[in-house]
Structure formats: structure tokens, C-alpha cells
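A.B. asks: I have a structure here, written as C-alpha cells, and I will follow up with some questions on it.
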Amino acid sequence: MNVQPLQLLTAPLTGTTLVEASAGTGKTYSIAWLYLRLLLERRLPVQQILVVTFTEAAADELRTRIRARLVWMRTCLANLSTDTKVQFVADSTDQKLLDGIIANCAALDISRDEIALLLDLAVPGFDEAAIHTIHGYCRRVLAEFALDGGVPLRLSEPGNEVALRLRFVEDFWRREIHADDPIRSGWLLRCFDQPQTLAQAIRDLVTLPDYARAPRDPAHELRSLENTMQRAFAYARNLWSAEAPAHIETLFADKTYGMSRAKASGMDAATLQTVCSELDDYFSQGHALVLFPEAGNIFRPEMLEKNQNASAREKGKPLPQDALLTALGELSECAESILQMHAAKLLVETSDYVRAEMKRHEEISVSLGFDSLIGRLHDALCGDDAERLATRLRDRYPVALVDEFQDTDQRQYAIFRRVYAERGVLLMIGDAKQAIYGFRGGDIFAYAAAREDAQAQVFTLDTNYRSEPALSKALNQLFRDPRTFVVDFIPWRDVQAGGPKQGRWLHPSAPPLTFWHAEVTDELRDTRKSKITIATVGRLEQKIAGSVASEIVRLLQAGAKQQIVLDLPGAAIAQRGLRAGDIAVLVVSQKQALLVETALRSRGVAVSRRARESVFASDEAHELILLLRALLEPTRAPKLRAALTTLLFGLDAGALQALDASDEGWEITLLQFAALATRWREQGVLSLILEILRAAAPRLLPLHDGERRIANYLQLGELLDEASTKCAGPVALLAWLQQHRLAPDTENKAQLLRLDSDAQAVQVVTIHSSKGLEYPIVFAPFLWKGKNKKNAVQVPVISHDENYRVVADLGTPKLAARARQRELENYAESIRLAYVACTRAINRLYLVWGNTDAGAYSPLLRLLDPATADNRHAIATPDEAIMADRLARLRDDSDGAIDVCALPELSAERWFAQVDSIPLHARPFIRSLFDARRTLSFTRLVQGMHVTHAADHDAVVETSVALGEVSASVSSLLRGAEFGECLHQILERIDFSSDDVVALRRIVAEQVQRAGFAAASEAQFLALVRATLDAELLPRLRLRTLSPQSRVAEMEFHFRLASGASAVLIDLAQRYPEYAAALQVLGSAGVALQGLMNGFIDLTLAHEGRFYVLDYKSNWLGPDARDYAPPRLAQAMEQHRYDLQALIYQVALHRYLRLRLGARYRTELLGGALYVFVRGLNTANAGAGVVHQQPSTDLVEALDQWFDGE
């Protein structure tokens, strides 16, 4: 394939185009210029240029960079001089591109005035630009074309998909384990020992289409294998007899065969006796499909060969030949095949069950998870009406520009291909060498398919603007071999050296790439391997971490002395010494991160860890679980002891023993925990955690990871505090935390670990998290370590065929070959991971080679010796001398860009960070703060606290009972916010005037089920709704008589708040004493009444020429009709200050009608506020359960003016 460098001014803006952008080559810069060309040359508004990427952070960056480029272009046009050149553009490249775009437009008869007009429209309207993540795009499309996608018109935010899947797997697990089929339960336990194992196994299978499974029907294959097993069982059983154990013992003891009798072989006399006993039991039960004893696997030919003595094999002695042994070996192999097919069948059944349950959950919750968003849009574009939907999407977005395209999967690419393959413009930009998210579903083979589709329109960005030229040269040398990236559709092309675009150079100059060779010393040698010279992996990792820390201390000391300085172009000081924040250590695993962090902190170096890891996976989450368990039951000694041993309290075994021995000490501890439990209940979980941290901080901060731990506790506290608003009490909150601990969601940004410090610190980052970042100095010290080949093959094996299609092999004859293909794909991704690590460096890069048995499958071996590593499935541990020669050759061929030296010796020297000696003084605060954007509501005014601005559905109730306790009486229905919310949802959705009983029952059943109430409560909800519709609220006013045109449900309002003088309220309170208490609440708010007043009116209605607001109240006032008599209702109105709510709603209605009716409006049209206490309604007694408040129109107008600041 002929790939040309991308020319931004002449790149085609038609058809399908792929741009291959190596690291640091200005991908985002190029996207911004291509976007500008599309806007001007194609005359497309920003709403029609679709830009898609894969993370929110990337989408935000694109939004910022593209808008900045549009603003820049508009400014340039405004400053054009008479000679058509923009005089103030300093960057010559930008000048050429600007002139070129103007020339392109001129050739298309687009004048400068029209260019200016297009930019003037684009910049102010850029908030509407279609720049989304792939999931955001799918959500928007499904919302806009809901009927085509077969989804609800309104989608709520999705929950934790990982936790949901685990929950459904656990449901399936329980169903199978408790089924009345012990044989099936036995197979389940043998295949998957716990639900978490099964959930992990189906993780990718759930999202794959059925046609990707092989075999598609494991049940059919299983029946065939079971028939074979029956025959093998019958044959072996006939040969088995009471003398069989002695016969086997005689065979294995016969020196003719030289079988090992060591205990480890499983063929010693005692073990054979146990095996034969298990086989006796197996054959005696007479059922072939009962689990074959695992110990019987020793009779397989490969196991017999493995357990023959080495001397016997060298002498060519035969293996035991016997009909019984052969029969047992064949039976064992049949059992293994059946076990594998049972696993396949269970995987298929589980994934189908989880799919169905996820779909049912989505329908009930009206939400779609990330996978479902992709799946629903993909299915819609492959369905019967696919062409119509594709055309509508193409009309909506004539151009799609996909960033980070290497991270797509097959379904995502199929969506874009279906819409743009034949018509429209699809421009894909990515770097296949940076495709490192296979574990999150990224599929490099989708990129390969796109590359073939693009054909002649494949371009490359070939100039590196990130790294120093010498480092670019070194990386060219390191990755140059065409076999480097394993697959042929990812070729290596040397990049040109453009130098750091922002001029960040490091002085003095030195070889930018340093290779440390960790020679195998006696200290590191793996003594278990006598024939080869290799190091023990753990010891080598430990020593490398120490060497990295020692070198960083040396660099920081040199930086402090201005011996290593960094250019700062455009800054007041042109250069500064190297700092800790300029250095990053890139690791593969959290274990390596901990090793490096410990080594650095022990030398006084501040460390900040960055990882794409959920805070729920941290030790601190586990400790909070122990704490909350103890607070829920503080008298339970085991739970209390567990909490006391956490770092939050810091008691060790000795302190616990001393506490147990002291009755007084134990009593004090119980009182302390009781006080903490009270604080949790009364002030919330965040207040609890802050209180404990204040006491624990002096003990936590001196720890090497103290700041990290405190940051985790605080983050968890905030998440728990947010969740507490949705959880029904402390028990539910603890269950929520336990569920998230069990299934952490790394796709949820709020859950990802935060930076533990803003101070200058060395960054310890996983390579996956470092993608998109850059650092002056980078250490990637563990690329020598690869993943050893696994002998055992676990289904499903997910790999790709020769046509790039994904295949999930569940146990076909090709399983072994596909397992090798999967290993190859994983190995290729590890090499791409190494590329990402190496290309994060701007100025210097440190790599390490160490010879271990983990080096055979390491990415670094591929770079240093591609010929050896190309023998992918028979890689031996590399020879120490050969690798030393390869390193020397790499250095000699680099023309001084690469240095090779021995791993530095450990140094105990510490780093003492310099503290700025300038005295700091706090600036006095003399201003008053006012946030005009503040939003208030009735609930916030009354409660004096922050609440979510949503519809007021009686969140304030007097009592509540557990779900499921439903009385026969309507008035004693379930209580609490859940009941009120459910009732409001029903009343919001029904047609008051309809006689369709079936439709009414369906809506009631849906809302009751969604709210989590028992099905038995549906009849009582139905009776309550009917009573509400049929009650006479005012003379001749029943809700059932209202047409849809005469009412509006859940009308939201906002009106400006600029409260007037308090004297006005005092005067109004004297004139209208019935509202004096309500007006006092407004007066006590004082200056807080600034910003916007917000609320939702349950029902706004027109009746006999007047307008009313109506609020449903589900308050429980008592079990008897007298509890809803006028005196009791008046008391409830006063207790909850509903009179103030009525005034606010009347002002809102007054303003609304004045706006809509204009000159036709008069205050006499206000009918007042109706408060309908639904539990007290009585169709036989007009007005029962209803309070009608009708404030004076003068009061409403006076309040309207006061709210407006008059």
C-alpha cells in the first residue's frame, strides 16, 4: 500500500480517508486544521461536522483546540492588511496554512467576506458543535432517532454495568447450584469455582454476536461427547475389578518401565491407593457422566511419559502397556473434553441469561449502559430499516472525523462504515502502534479492516514535534525492524525530527536514550536454573526500583545546582533547574508502581501515583467497609476488633490484647464507636470520615504512602456522601459500598484514583494511564519483563481469523491454534505498550534489560533481537552474552543517540527538597461574596440545606415502614419518599379523562414495579388514583373532567430573585397575618434570596375561566378519616410551611400568565393553590382532604415586586 505524507491543504475531503499519526506528530493540530477546511471549503456549520473520540478528556481537548483555531482564524481575517498577508502570525507553518486555506476558498468562489461570515456563525455557536465520545454520539443519535433505534424517548444515566453483570451472574449461579440436578451442579463447580470466575469468563462473550461463537451450539457437541464417554466408561468399567489396584501398583513398580515413585509424581504407593479408591467409587455408582476423579489424569499417555524417570527415557525404556491403563487414559481424556464442553455450554447459557436480564433491566430503568448504546445503534443500522436510518444520520452529519481510531472495536467501526462507506465523508485519524486497550474492548483488527477500506486514501503524519531530534533518531533505531509490531498492517516508518514544538530542551546534552544492562550477579542469579544464566524476577525488580530511585536523586540534585536545566520559552526566566515534576516512571503493574514508590519515598523523593484504577479497589475501601460494619453493630466484638486493626485506628495485635484485658478500656472504646455511629446518622458519612481522619492524620502522614491513603479516604467519603442521598439508610449504604468494592468500574471518572498531591513530585504512572501525556524525562524500567506462555487453555479463547473477524472458540478442534493466535495478539499488544512508553519522553528516556525467564516473551526482546523473537511459539530464554552483544550493536549503530551502561549501584543518598524561603502572608479578605448563579427552591428555603433541584414529591414525611408491608386500607399505604414519588409518576403519566381501565392498570403496574413495591400493592395504588380522579376538589371540579388541553403536569419554572427591603415584608405580614409565618421565612433568608427561584408545579389547570396550581400531598397524617379533617390539614400546612409554597407558586403562575396573555391578563384570573391530601379524599364528601389557599392578588403582586428587588 502506497502511503503518502499528509498535506493539510490538499488532503481529500471526500470518501473514506485514514491518517496514520505516530506519537508526537501533531494529531490534534492536524484535526483542528482539517476541521477548519471542512467548515469553510464545504460550507458546513459546526452542528454538521461530527467529531468522535474515545474519552471525555480527549473530547474536551478537541473542543478547546478546535475552537481556539476558529477564533484564531477569525482574528487573522480581521487583521488582514492590503497585501493579503497576516502580519502578526509568528509561526511560518500557520502562515502558510492560513494563506493556503484562503487560496482554496478562492478557488471554490468563497470570498473573504463569506469566510468571515462562516467563522462569525461558527464561533458563537460552537457550544452546539458535534464533538462527542463514541458513547456520547450513540446516546445522542438514539435519543434523536429513538423510534429508529427502538429505545425509549428519554434515557436516564446508566448504572455500573460491571456490578449489574456480576449480580446477574450470581443469580444464574444460585439458580444452577440449587437446581435439583447434582451432576450439573458438580460440573459447574468444577468449571467455575465461584460466580466471580464465571463473570470474568463471560466478560467479552456477552458483547459478541452469536455468530462469533464456535461452536454455536455447545449442547449438540456435548451430547455427542457424552455418547463417547458412555462407551469409554462401559469399556473401562468392564476391565476394572477388585484386583485392579494391585495390578496397577505392580505395573508402576516394575523397573522395566522406570516410572518415578516420588510423591510429587502422584505415582507413589500411597497416592496410587487413594486414586484407585476414588476410581472404585466412580465405577461403583454406575453413571458415566458423574465427575471423573481429577487424580485419574495420571493415566494419560502424556502424564505417563512425563513421570518416567529421565534415565529411563534416555535408555529408551517403554511406557507401561496395558489395556486397563489405556482405557483409563481414554476415559480421562473423554472426561476432559466433556468438562471443556460443559464449560462452553455454561458460558453460552450464562451470557444469554445476562444479556436477557440486562435488556430487561434497561427497559425497567429506562437507561442504556455503554455496551448497550453501541449495540443498539449497531443493530439498528443492520436491521430492516437500516438504509433509512443511515441516510438520516448522513444528512444530520455529512462528515465524520474519528480521532484515536485505533481504539475502536468491530461494532463501532461497523456503525461508521454503514453510514459513510458509500456516501458521505469519513476521516479516521489514529496510530495503530498505540492500540493498547484490548482489555477494554479495543480491536486492532477493526483498524486493519478500515485500512483496507481506505485503499488509496491512506496518509501519514511523519514529523515528531514532541521529542528532541536525537531522541527521535534513537527511537527510529530501536523500532526500525519491519517485524517489530508482529502484524503486517502495522509497519514502522521513520519519523522526521521536528524538535519539541514548545522549545523545551534539556541541557547539557547527553545521549537521549540510556539502556541499563542489569548483569546477572550472584546476588540476582536464579539458582534453580543451573544450565542458563538468568536473574530471579523479584530480586531484579527490587534492584531496578532502587537504581531508578538513586538516579532520580542524582538528577534532582543536579537540577537544584542548575547543572541540568530545562528551557522555558516565553517565560520570564528562560531556564530553570530540573524538578521532580519533570520526571515520570512508567510501569506495567501496580506491584511495580509500589516498588518504585517505596524506593523513592525511602530516599525523600515526593511521589504522585497516577493509574486508571478505581478507588473502590483500594485497601482504604476495604477498611471503610470494616468501619461501617462495626458502626452498624458496635456491640459485636469481632466487628469492632476488625475496625480497630485498620490504619484509621492503628491497633496492632498487642494493643488489641491489652484492650481486651481492660474492661474500662473496652467500655471507653464502645462509647467512642457509639458516638461515631450517632455522628454518622445525624451528620452524614462524610462528616464521620473527616472526624476520624483528623485523629488519624498524625499517624497516616508519616507513612510512605500516607498522602495517597488520605486522598483515597476523602474520595471514598465524597462518593459515599453522594450515594447516601439515594440509599435508604446506613445498611443500604454499606451494601452499596460492598457492591462497588466487588465490581469496581474503571470507566466511571468519579471512581478513578485522584492525584494525592499537587506538590512537585515524581510521577509514577501505569503505561496505559500515560497515553496522551508527555514528560521531559521518562524511566520505563520494566519492559524486559514479559508474560510467560500459559500451558493451560481456558475457554473462551477470543482471537481473530484471517479475515480480521473475531472468533470466540469454546472448544472446537481449532482451539489450540486459536489459543496460540490469542497469545500472539497479546504479545503484539505488549510491544505496542512498549512503544507508548518510549514515546512519552521529550528529552531523555531510560530503559533496562535484565535476563530472566520472563524475558522470552518481553516486548524489549522483540526490539533488541527481532529475529529470535519472531519464532513466537518456541521462544527460549535469551542468552546473556547474546543480549549484551545486541545492546552493544544497538549503541554502535545509533551515532551517539543511544548509550548502554551497567545498572547503577544502589545509593542511600537522600533528596532534600528545597523549600522556598520567601515569607508568605495571607492577604486579608475584605470583599463579600455573592454568586448570582445560585438556584433556590421552596424545599431549600424551608429546610435550610442543599438538595437536588427536582420535583418535590413529599420528601418530608413523618414516618416510614419497610417495603412490602401493605395494609388493606388505602390510607395506610406505604409511606415515605418512595411512595410519594411512585404516586406522582402514575398521576403524571395517565390520561385523566380516559375510560381505558387496561391502560390505567398497565401504568400503575409499571410504576409500582419500578419503585420496588410488592405486586400486592397495585390494587391499593389503583384505588387511590381513582379516588384522586373522582373526588370533587372544588364545586364542579374533578380531575377526571379535565381535558389534556386544560392542564399541564410538572411545569417547571425559574424566575429571577433580587429580594427587596425587609421592611416591605414586615408591612405585608401586618396586612396579611395569615401569611405572617411564611413571610418570616423569606425575611430570615435575607441576602440569600439572590439568583433564581426554581420549582416544579405538580399540576397547573384551568377551570371555569380561572387558573389554579395543584399539589398532590401523600403525607401520612393518621389511619382515620378524622386525621384528614380541616383542623388537622391546617396543622400540616403550617408544619411544613406549604403556605409559603403556595405563595411562591402563585407568583410563578402570575408571571407565567402575564408573559403568555400579555394585555389580556388580569390578576382576577388567579384561582389560588389546591393542596390535595390524597389519603384523605372521600368521593362522598366534597372537599374532604383538600385545602384551597387563595392569597390576595395584592399580596401576590407585592411579592412579585419584592422578589424582583423593587
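The values are calculated or read from the model by the stated rules, or taken from the named source; none is laboratory data. All values derive from a computational prediction rather than experimental measurement. Because the Cβ atoms are built from the backbone with ideal geometry, glycine has one as well, and the counts that use them run over all protein chains shown.
A.B. asks: Given segment 973-1035, what helices (runs of 4 or more DSSP H) lie entirely inside it while holding 3 or more residues that are over 22 Å from Ala1169 (Cβ atoms) and among the aliphatic types (A, V, I, L, M)?
C.D. replies: Once the helices (runs of 4 or more DSSP H) in segment 973-1035 are filtered for at least 3 residues that are over 22 Å from Ala1169 (Cβ atoms) and among the aliphatic types (A, V, I, L, M), what remains is 997-1011, 1018-1030.
A.B. asks: If you don't mind, another one. Give the residue that is surrounded by the fewest Cβ atoms within 10 Å (Cβ to Cβ), with candidates limited to residues of segment 119-157 that are small (Gly, Ala, Ser) and touching a helix residue (DSSP H, G or I) at 6+ places or on another chain (Cβ under 8 Å).
C.D. replies: Step by step, filter segment 119-157, then rank; the result is Ser156.
A.B. asks: Any residue in segment 1-28 that is touching a residue at least 12 places away in the same chain (Cβ under 8 Å) and more than 23 Å from Tyr420 (Cα to Cα) sitting within a Cβ distance under 7 Å of a residue that is of a type in the set (Val, Ile, Thr) and crowded, with 22+ Cβ neighbours inside 10 Å? List the pairs, counting only those 6 or more apart or interchain.
C.D. replies: Pairs that qualify, where the first residue is touching a residue at least 12 places away in the same chain (Cβ under 8 Å) and more than 23 Å from Tyr420 (Cα to Cα) and the partner is of a type in the set (Val, Ile, Thr) and crowded, with 22+ Cβ neighbours inside 10 Å, are Ser22/Val495; Ala23/Thr839; Gly24/Thr839; Thr25/Val495.
A.B. asks: Would you mind stating whether Val399 is buried (at least 24 other Cβ atoms within 10 Å of the Cβ), more than 25 Å from the chain's Cα centre (by Cα) and modelled with pLDDT of 90 or more?
C.D. replies: no
A.B. asks: Sticking with this one: Out of Val1186, Val1109, I need the residue that is modelled with pLDDT of 95 or more, over 25 Å from Ala1063 (Cβ atoms), in the same structural domain as Gln1020 (by TED's automatic domain parsing) and hydrophobic (A, V, I, L, M, F, W, C). Which one?
C.D. replies: Among Val1186, Val1109, only Val1109 is modelled with pLDDT of 95 or more, over 25 Å from Ala1063 (Cβ atoms), in the same structural domain as Gln1020 (by TED's automatic domain parsing) and hydrophobic (A, V, I, L, M, F, W, C).
A.B. asks: One residue is enough: does segment 299-309 have a residue meeting the conditions assigned by TED's automatic domain parsing to the domain that holds Lys255, in a helix (DSSP H, G or I) and polar (S, T, N, Q)?
C.D. replies: no
A.B. asks: Can you name every residue in segment 842-855 that is part of a loop (DSSP other than H, G, I, E, B) and not charged (D, E, K, R)?
C.D. replies: Asn851, Thr852, Ala854, Gly855
A.B. asks: Test Thr463 against the stated conditions and say whether it is more than 24 Å from Pro781 (Cβ to Cβ) and touching a residue at least 24 places away in the same chain (Cβ under 8 Å).
C.D. replies: yes
A.B. asks: Among the numbered criteria (1) out of contact with any Gly (no Cβ under 8 Å at 6 or more places or on another chain); (2) under 30 Å from Arg610 (Cβ atoms), which one does Ala696 miss?
C.D. replies: (1)
A.B. asks: Take residues that are in contact with a helix residue (DSSP H, G or I) (Cβ under 8 Å, 6 or more places away or on another chain) and among the acidic types (Asp, Glu) and tell me which of the helices (runs of 4 or more DSSP H) falling wholly in segment 650-751 contain 2 or more.
C.D. replies: The helices (runs of 4 or more DSSP H) meeting that bar are 706-724.
A.B. asks: Take the conditions touching an Asp or Glu at 6+ places or on another chain (Cβ under 8 Å) and in contact (Cβ under 8 Å) with a residue 12 or more places away in the chain and apply them to Leu1199. Does it pass?
C.D. replies: The answer is no for Leu1199.
A.B. asks: Can you tell me which residue in segment 8-26 is surrounded by the most Cβ atoms within 10 Å (Cβ to Cβ), limited to those that are in a loop (DSSP other than H, G, I, E, B) and polar (S, T, N, Q)?
C.D. replies: Ser22
A.B. asks: Moving on. Answer yes if at least one residue in segment 1130-1144 is over 21 Å from Gln1080 (Cα atoms) and in the same structural domain as Val1025 (by TED's automatic domain parsing), and no otherwise.
C.D. replies: Among the residues of segment 1130-1144, not one is over 21 Å from Gln1080 (Cα atoms) and in the same structural domain as Val1025 (by TED's automatic domain parsing), which makes the answer no.
A.B. asks: Then there's this: If the requirement is being assigned to a loop (DSSP other than H, G, I, E, B) and at pLDDT 80 or above, which of these qualifies: Asp180, Asp193?
C.D. replies: Sole residue among the options that is assigned to a loop (DSSP other than H, G, I, E, B) and at pLDDT 80 or above: Asp193.
A.B. asks: Take the residues in segment 856-881 that are in a loop (DSSP other than H, G, I, E, B) and crowded, with 24+ Cβ neighbours inside 10 Å; name whichever of them is modelled with the highest pLDDT.
C.D. replies: Among residues in segment 856-881 that are in a loop (DSSP other than H, G, I, E, B) and crowded, with 24+ Cβ neighbours inside 10 Å, the one modelled with the highest pLDDT is Ser858.
A.B. asks: Next question, about the same structure. Kindly check whether there is at least one residue in segment 1119-1140 that is touching an Asp or Glu at 6+ places or on another chain (Cβ under 7 Å), modelled with pLDDT of 90 or more and more than 30 Å from Leu1157 (Cα to Cα).
C.D. replies: Yes, because at least one residue in segment 1119-1140 is touching an Asp or Glu at 6+ places or on another chain (Cβ under 7 Å), modelled with pLDDT of 90 or more and more than 30 Å from Leu1157 (Cα to Cα).
A.B. asks: Please indicate, with yes or no, whether at least one residue in segment 703-718 is more than 29 Å from the chain's Cα centre (by Cα) and surrounded by fewer than 18 Cβ atoms within 10 Å (Cβ to Cβ).
C.D. replies: yes
A.B. asks: Still on this structure, please answer the following. For Glu362, state whether it is touching a Leu at 6+ places or on another chain (Cβ under 6 Å) and within 30 Å of Ala1011 (Cβ to Cβ).
C.D. replies: Against the criterion (touching a Leu at 6+ places or on another chain (Cβ under 6 Å) and within 30 Å of Ala1011 (Cβ to Cβ)), Glu362 qualifies.
A.B. asks: What number goes with the only condition from (1) surrounded by fewer than 17 Cβ atoms within 10 Å (Cβ to Cβ); (2) modelled with pLDDT of 90 or more that Tyr211 does not pass?
C.D. replies: Just one mismatch for Tyr211, condition (2).
A.B. asks: Could I ask something else about it? Is it the case that some residue within segment 838-848 is surrounded by 18 or more Cβ atoms within 10 Å (Cβ to Cβ) and at pLDDT below 90?
C.D. replies: For segment 838-848, residues surrounded by 18 or more Cβ atoms within 10 Å (Cβ to Cβ) and at pLDDT below 90: absent.
A.B. asks: Then there is this: Please verify whether segment 24-33 includes one or more residues that are under 16 Å from Pro124 (Cα atoms) and of a type outside the set (Lys, Arg).
C.D. replies: no
A.B. asks: Can you pull out the residues in segment 183-216 that are in contact (Cβ under 8 Å) with a residue 24 or more places away in the chain and more than 20 Å from Leu815 (Cβ to Cβ)?
C.D. replies: Across segment 183-216, the qualifying residues are Ile183, Gly186, Leu188, Pro195, Gln196, Ala199, Val206, Thr207.
Table: residues versus (1) within 45 Å of the chain's Cα centre (by Cα); (2) among the acidic types (Asp, Glu).
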site	(1), (2)
Met1051	yes, no
Pro1073	no, no
Leu1079	no, no
Gly1091	yes, no
Glu1104	no, yes
Ser1114	yes, no
Ala1130	no, no
Ala1142	yes, no
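A.B. asks: Same structure, new question: On the basis of being under 26 Å from Ala617 (Cβ atoms), hydrophobic (A, V, I, L, M, F, W, C) and surrounded by fewer than 20 Cβ atoms within 10 Å (Cβ to Cβ), does Ala697 make the cut?
C.D. replies: In short, yes.
A.B. asks: Give segment 589-604 a look and list any residue that's surrounded by 21 or more Cβ atoms within 10 Å (Cβ to Cβ) and either in contact (Cβ under 8 Å) with a residue 60 or more places away in the chain or assigned to a strand (DSSP E or B) (or both), or say none.
C.D. replies: Selection gives Ala593, Val596, Glu597, Leu600.
A.B. asks: Here is a follow-up. Of the residues that sit in segment 404-435 and are farther than 19 Å from Glu829 by Cα and among the basic types (Lys, Arg), which one is surrounded by the fewest Cβ atoms within 10 Å (Cβ to Cβ)?
C.D. replies: Across segment 404-435, the extreme among qualifying residues is Arg423.
A.B. asks: Turning to a different aspect of this structure: If Met428 satisfies all but one of (1) under 20 Å from Phe54 (Cα atoms); (2) assigned to a helix (DSSP H, G or I); (3) under 28 Å from the mean Cα position of the chain (by Cα), what's the number of the condition it fails?
C.D. replies: Failed condition: (2).
A.B. asks: Which condition does Ile364 not pass, out of (1) in contact with a helix residue (DSSP H, G or I) (Cβ under 7 Å, 6 or more places away or on another chain); (2) modelled with pLDDT of 90 or more, if it passes all the others?
C.D. replies: Only one criterion is unmet by Ile364, namely (2).
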